[in-house]
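Every number in this text was worked out from the coordinates using simple rules, so none of it is lab data. Everything numeric in this text was worked out from a predicted model, so none of it was measured. Glycine gets a Cβ as well: all are built from the backbone with ideal geometry, and neighbour counts include every protein chain shown.
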Amino acid sequence: MAKSRKLEDLMATLKQTRDDPTSQSGLAVLHQVLSSKYSVAVAQVAELVSQFELHAFIPELVSAFDRFMLNAKENDPGCRAKQAIAEALYRLDYSDEVLFLKGIRHVQEEPVWGGWILLQPCVAPVL
């Protein structure tokens, strides 16, 4: 199955879960998507986890954040997943300053049209 098709299927499954992510099947989908390699889908899961205050997902969010820090330009273009995870962890009162400092200090080079490199901080300090 092509990469875009797998992502489309994953996003469709996630969309069906949005109404009741705390159900048994909803939680299973959140776990599945959170462990996937698709940063855009992981970002949406992080937002749901934050919105529904699902504290049990904190260890998986931390793990996903670390996973997307590796080879970051390819694994999380635009830092979408890392930003959403950091925001979710903040909203869930996660207090490991090492993770937040790692994110604040991370600068990701992004290719742009014309060959220039855009440097952007990946995780803004949350106040």
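Quick one: Cα centre-to-centre distance for segment 50-95 and segment 1-33, in angstrom?
17 Å
For segment 3-121, with the dipole built from +1 on Lys and Arg beta-carbon atoms and -1 on Asp and Glu ones, taken about the Cα centre, which of Ser50, Ser4, Ile104 lies farthest toward the positive end?
After comparing all options, I get Ser4.
What FRET efficiency, computed as 1/(1 + (r/R0)^6) with R0 = 22 Å and r the Cβ-Cβ distance, is obtained for Ala28 and Tyr90, rounded to the nearest 0.05? Write down the numbers at each step before the final one.
Numbers: r = 26 Å, r/R0 = 1.16.
The formula returns an efficiency of 0.30 here.
List the residues whose amide H sits under 5 Å from the amide H of Gln108, counting only those 5 or more places along or on another chain, with H placed 1.01 Å from N in the peptide plane.
Amide H neighbours of Gln108: Gln120, Cys122.
Pop a pseudo-label 7 angstrom from the Cα along the beta-carbon direction at both Ala12 and Val62 and give the gap in nm to one decimal.
3.6 nm
What does segment 3-121 give for Rg and for Dmax, in Å, if only its C-alpha atoms count?
Radius of gyration, then largest Cα-Cα span, for segment 3-121: 14.6, 48 Å.
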